[in-house]
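Engineer: This is the structure, below, for whatever I ask next.
The values are calculated or read from the model by the stated rules, or taken from the named source; none is laboratory data. These numbers were taken from a predicted model, which means no experiment stands behind them. Cβ coordinates were reconstructed from backbone atoms using ideal geometry, including for glycine residues, and neighbour counts include every protein chain displayed. Just so you know, the surface numbers come from the protein's heavy atoms only, side chains and all, with ligands and any DNA or RNA stripped out. Shrake-Rupley method; radii C 1.70, N 1.55, O 1.52, S 1.80 Å.
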Amino acid sequence: MLVVSVAGSPSQRSHSGVLLDVAGAWLREHGIEVVSYGIRDFDAAELLHARFDSPLVQRFTEHVEAAEGLLIATPVYKASFSGALKTLLDLLPERALAHKVVLPMASGGSVAHMLAVDYALKPVLSALKAQEMLQGVYAVDAQIHYGEGERPVSLAPELQERLEESLQQLYAALARRPQPLDPKLLHASLTGARWSI
């Protein structure tokens, strides 16, 4: 199974990026392939001028198309998600998230921005026809602690618990997704079948 991870923060070091890192590591430990993208990977001109022919944009689109699931994380700015993330999502085809499970995540300075996931990010993901959208995870920045030196980043226990619960839901949703039938197998089954009228 393949999950695409999308980081919506323009900052190199971000709280929402930590959520993605922890989530990606958890999924890999459970045998799921994770391909990671961030808006920092794309040239600003590719995003601002909607360059659908960019090799990186095309590779991103192909990975999203092939994936069974999507992890997406964004910081919350002024009660909404990252504008740069919106420009990236605008480059995806209209039905890019059809038949996919999506786990949205966000981080912000206070709990006052918690509803930005529901009222700003989820409608955009729904417009891309996300078939199954999980509850989502919102983290207050103070719940994410950067380690010093070699110490790893840590999450507040309550946040860690909520994130793992959401990841278990994602894992279960991915496991029950119908697997596409191999076209060669379908052709062999049809040509080898006995028909009677």
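Engineer: Roughly speaking, what is the stretch gain from R51 to T191, that is 0.36 nm per residue apart minus the C-alpha to C-alpha distance, in nm to one decimal?
Structural biologist: Contour length minus the Cα-Cα distance gives 46.1 nm.
Engineer: Still on this structure, I have one more. Along each of its three principal axes, how wide is the spread of alpha-carbon positions in the chain, in whole angstrom units, largest first?
Structural biologist: Projected onto its principal axes, the Cα set of the chain covers 70, 40, 34 Å.
Engineer: Among S11, G109, L134, whose Cα projects farthest towards the positive end of the dipole of the range 2-192, with charges put on the beta-carbon of Lys, Arg (+1) and Asp, Glu (-1)?
Structural biologist: L134
Engineer: Calculate the dipole size of the range 50-111 relative to its Cα centre from +1 charges on Lys and Arg beta carbons and -1 charges on Asp and Glu beta carbons; express the result in debye to the nearest 20.
Structural biologist: That gives a dipole near 220 debye.
Engineer: Please go through the range 1-82 and write out the trypsin sites (Lys or Arg not before Pro) that DSSP classes as loop and that have at most 11 other C-beta atoms within 10 Å.
Structural biologist: The qualifying sites are R13, K78.
Engineer: Pop a pseudo-label 7 angstrom from the Cα along the beta-carbon direction at both R177 and S11 and give the gap in nm to one decimal.
Structural biologist: Label at R177, label at S11, 3.1 nm between them.
Engineer: Computing the accessible area with a 1.4 Å probe over protein heavy atoms, can you report the carbon and sulfur percentage for the chain?
Structural biologist: So the carbon and sulfur contribution to the accessible surface is 54 percent.
Engineer: Shifting gears a bit: Sorting M133, M114, M105 by accessible area (1.4 Å probe), largest first, what list results?
Structural biologist: Ranked list, largest accessible area first: M114, M133, M105.
Engineer: Please give, to one decimal in nm, the separation of the simple spin-label points placed at Q135 and Q169, each 7 Å out from Cα toward the Cβ.
Structural biologist: 0.5 nm
Engineer: Hey, another quick one. For the range 103-118, just list the computed ³J(HN,Hα) in residue order, Karplus coefficients 6.51, -1.76 and 1.60, θ = phi - 60°, integers in Hz, with x standing in for Gly and Pro.
Structural biologist: Residue by residue, the range 103-118 yields 10, x, 9, 8, 9, x, x, 8, 5, 4, 9, 4, 6, 4, 4, 6 Hz.
Engineer: Taking all protein chains together and a probe of 1.4 Å, list E62, E158 from the most accessible to the least accessible.
Structural biologist: Correct descending sequence by accessible area is E62, E158.
Engineer: Just to be sure I understand: of the beta bridges DSSP finds with both ends in the chain, what percent are antiparallel, rounded to 5?
Structural biologist: Roughly 15 percent of the DSSP beta bridges within the chain come out antiparallel.
Engineer: Post the alpha-carbon centroid distance, the range 1-69 to the range 83-139, in whole angstrom.
Structural biologist: 13 Å
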